[in-house]
Amino acid sequence: MRQLIWLRSDLRVHDNTALCAAMAEGPTIALYLLSPGQWQQHDDAPCKVDFWLRNLAALQVELQRLNVPLLIRHAEHWRDAPEVLADVCRTHTIRCVHVNEEYGLNETRRDREVASRLDDLGVGFRGHLDQLLFQPGSMLTRSGGYFQVFSQFRKVCYQRLHAALPALQWLPAAQAPLSVASDAVPASVQGFTPPADSLRQLWPAGEDAALERLTLFAEERLEAYTQQRDIPALPGTSQLSPYLAAGVLSPRQCLHAVLRANCGEFDGGQPGAVSWINELLWREFYTHILVGYPRVSRHRAFRLETEALPWRHAPDDLAAWQEGRTGFPLIDAAMRQLLTTGWMHNRLRMVVAMFLTKNLLIDWREGERFFMRHLIDGDLAANNGGWQWSASTGTDAAPYFRIFNPISQSQKFDPEGRFIRHWLPELVHLDNRAIHDPSALSGLFGAVDYPPPLVDLRRSRERALAAFQNLPSRV
Ligand code: FAD
């Protein structure tokens, strides 16, 4: 009885739960849907769509080794998915469709509608846990709710991990060849201009590239992760987020690689191992939040009282932030890193997000959308979680009065201005003091070809504090 694996954010053959389940049950065909209309609606970045397509092409080669043909179909919007799936199932006499679960509101609705349409045809639809270590809903507080505090969530995660480590799936053996031809993977999709080659080269496609990056990180960088993870000028973090977001790597593979490098230990060994696993658990936490609190998928504030914040409509300030022209070097360098590479260092994501939402008092949704439109690792749960954390509107968020100062963050995390000099060559000649705040130079050393600060940090901080303090019920 033929099976279908419908690939989405799980672009790999290794440790792929749905692929293993399908191939264990019968001859398997793979399917991928091109949904440009839906992707536009979700603000998916052109560089991310390009990354998906490049990984899909690499995956096709891996699937060929398993004799699994890959069909590519067009479903402009996900509302078209039920008919497209029904058609594929009829044409290829499919008995059951296997998917690795996705958790956004639209993704859940799409899967429900597809399952119901297939049910009419007598075709099964089976979801598998794959994108996460733990099934959302399986980790609840004593009162039965989803955890809202990360440290409590993490504690339960560790208890579960100590009791049993999620096992890796075996790579299935090749099946007998099927008389079904694979479709060509398109090099691009209309509406999504492919990025520059220089960006593509930073993010090579395919499982081999992802596993190589994971191994390099686990074996060579993990030890220094705790000391280096906040220094944007160093390659101190794994830069695996695009691979995890597209499912070219699984969180289980990451966990196993780190434990291997740490002699099988969670506690003890290299301190970097625990810190890094914590980051994987933040990823887990925000996805559980997405499921437990669906309003997050609708771009509503987690803390509803913060919906009353008097966000400023300031298109010029927003454009200056987006284009890296705020006059604060660390912010501008970070935004240029995003625009050029499709990625931004975590410390800087927090700094630029706080600057937008606190110093400029611009709605976090503007920043969330802009990030999503440019990030190669854009992920609804992590992006929304990060923005709401920074804006103090989210679960377990930064307290509203702890506002990062972009100049002191710069002095602390880029003390010699190496990161700034890399992205802002116009400031390359400034010394290690002036590089963090060129406006302090004015008059003394002549003009620097760099914009003046967009806001006064002290006054804008006070404005943000007042906005939060005046909320009907404080955050
Ligand atoms: P590492 O430090 O090596 O961490 C390993 C992995 O853990 C990452 O690849 C990622 O999958 C996960 N992770 C790390 N930190 C976080 C976190 N705070 N929340 C959730 N998962 C985390 N991450 C995304 O994957 N996609 C996003 O769209 C995204 N948007 C963000 C927006 C803001 C405003 C903020 C503050 C953070 C955002 N993050 C997002 C989280 C984090 O910045 C990135 O995951 C991280 O920078 C990726 O780099 P890395 O792979 O080198 O991370």
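The values are calculated or read from the model by the stated rules, or taken from the named source; none is laboratory data. Source: prediction; values computed, not measured. Cβ placement follows ideal geometry from the backbone for every residue including glycine, while neighbour counts extend to all protein chains displayed.
Regarding the stretch 419-426, can at least one residue be identified that is in a loop (DSSP other than H, G, I, E, B), of a type in the set (A, V, I, L, M), out of contact with any Cys (no Cβ under 8 Å at 6 or more places or on another chain) and surrounded by fewer than 18 Cβ atoms within 10 Å (Cβ to Cβ)?
Scanning the stretch 419-426, I find no residue that is in a loop (DSSP other than H, G, I, E, B), of a type in the set (A, V, I, L, M), out of contact with any Cys (no Cβ under 8 Å at 6 or more places or on another chain) and surrounded by fewer than 18 Cβ atoms within 10 Å (Cβ to Cβ), so the answer is no.
For the stretch 325-335, give me the residue count where each residue is outside any helix (DSSP H, G or I) and surrounded by 22 or more Cβ atoms within 10 Å (Cβ to Cβ).
From the stretch 325-335, those outside any helix (DSSP H, G or I) are 325-328; that's our starting set.
Add one more test, that the residue is surrounded by 22 or more Cβ atoms within 10 Å (Cβ to Cβ), and what stays is 326, 328.
So the answer is 2.
Looking at the stretch 375-396, I want the residues that are outside the structural domain of PHE355 (by TED's automatic domain parsing) and within 17 Å of GLN239 (Cβ to Cβ) and have a partner that is of a type outside the set (Val, Ile, Thr) and more than 6 Å from the ligand (Cβ to nearest atom) with Cβ atoms under 7 Å, at least 6 apart or on another chain. Which pairs are those?
Once the first residue is outside the structural domain of PHE355 (by TED's automatic domain parsing) and within 17 Å of GLN239 (Cβ to Cβ) and sits in the stretch 375-396, no partner that is of a type outside the set (Val, Ile, Thr) and more than 6 Å from the ligand (Cβ to nearest atom) comes close enough.
Out of the stretch 121-154, which residues are out of contact with any strand residue (DSSP E or B) (no Cβ under 9 Å at 6 or more places or on another chain), in a loop (DSSP other than H, G, I, E, B) and without any contact (Cβ under 8 Å) to a residue 24 or more places away in the chain?
Within the stretch 121-154, GLN135, SER138, THR141, ARG142, SER143, GLY144 qualify.
Is at least one residue of the stretch 28-36 surrounded by fewer than 21 Cβ atoms within 10 Å (Cβ to Cβ), touching a Ser or Thr at 6+ places or on another chain (Cβ under 7 Å) and either outside the structural domain of GLY342 (by TED's automatic domain parsing) or basic (Lys, Arg) (or both)?
No: the stretch 28-36 contains no residue that is surrounded by fewer than 21 Cβ atoms within 10 Å (Cβ to Cβ), touching a Ser or Thr at 6+ places or on another chain (Cβ under 7 Å) and either outside the structural domain of GLY342 (by TED's automatic domain parsing) or basic (Lys, Arg) (or both).
Looking only at helices (runs of 4 or more DSSP H) that fall completely inside the stretch 219-308, which ones have 3 or more residues that are under 26 Å from TYR400 (Cα atoms)? Write out each step before concluding.
Working: elements: 225-228, 241-246, 251-261, 271-292.
Here the list reads 271-292.
Suppose the filter is outside the structural domain of LEU161 (by TED's automatic domain parsing), among the aliphatic types (A, V, I, L, M), touching a His at 6+ places or on another chain (Cβ under 8 Å) and in a helix (DSSP H, G or I); does LEU318 pass it?
Working: outside the structural domain of LEU161 (by TED's automatic domain parsing): yes; among the aliphatic types (A, V, I, L, M): yes; touching a His at 6+ places or on another chain (Cβ under 8 Å): no; in a helix (DSSP H, G or I): yes.
Against the criterion (outside the structural domain of LEU161 (by TED's automatic domain parsing), among the aliphatic types (A, V, I, L, M), touching a His at 6+ places or on another chain (Cβ under 8 Å) and in a helix (DSSP H, G or I)), LEU318 does not qualify.
So for the stretch 336-347 (the condition being part of a helix (DSSP H, G or I) and in contact with a His (Cβ under 6 Å, 6 or more places away or on another chain)), does at least one residue qualify?
If we filter the stretch 336-347 for residues that are part of a helix (DSSP H, G or I), which is where we start, we get 336-341, 346-347.
Next, only the ones that are in contact with a His (Cβ under 6 Å, 6 or more places away or on another chain) stay: 338.
The answer is yes, given that some residue of the stretch 336-347 is part of a helix (DSSP H, G or I) and in contact with a His (Cβ under 6 Å, 6 or more places away or on another chain).
Which residue pairs have Cβ atoms closer than 8 Å, lie 6 or more positions apart in sequence or on different chains, and pair a first residue in the stretch 336-356 that is among the basic types (Lys, Arg) and away from the ligand (no atom under 11 Å from the Cβ) with a second residue that is part of a loop (DSSP other than H, G, I, E, B) and modelled with pLDDT of 95 or more?
ARG336/GLY324; ARG336/LEU424
Filter the stretch 223-260 down to residues that are near the ligand (Cβ under 10 Å from one of its atoms) and modelled with pLDDT under 95, then give me how many there are.
Of the residues in the stretch 223-260, 0 are near the ligand (Cβ under 10 Å from one of its atoms) and modelled with pLDDT under 95.
Given the residues ALA398, ALA466, which is the only one that is buried (at least 16 other Cβ atoms within 10 Å of the Cβ) and either more than 28 Å from the chain's Cα centre (by Cα) or among the small types (Gly, Ala, Ser) (or both)?
Working: ALA466 fails: buried (at least 16 other Cβ atoms within 10 Å of the Cβ).
From the options ALA398, ALA466, the qualifying one is ALA398.
Being aromatic (Phe, Trp, Tyr) and in contact with a Phe, Trp or Tyr (Cβ under 7 Å, 6 or more places away or on another chain) is the filter here, so list the residues in the stretch 292-320 that pass it.
Step one: list which residues in the stretch 292-320 are aromatic (Phe, Trp, Tyr), which gives 293, 302, 311.
The answer is TYR293, PHE302.
Looking at the structure I just gave you, is PRO472 over 17 Å from TRP311 (Cα atoms) and surrounded by fewer than 22 Cβ atoms within 10 Å (Cβ to Cβ)?
Details: over 17 Å from TRP311 (Cα atoms): no; surrounded by fewer than 22 Cβ atoms within 10 Å (Cβ to Cβ): yes.
Judged against the criteria, PRO472 is not a match.
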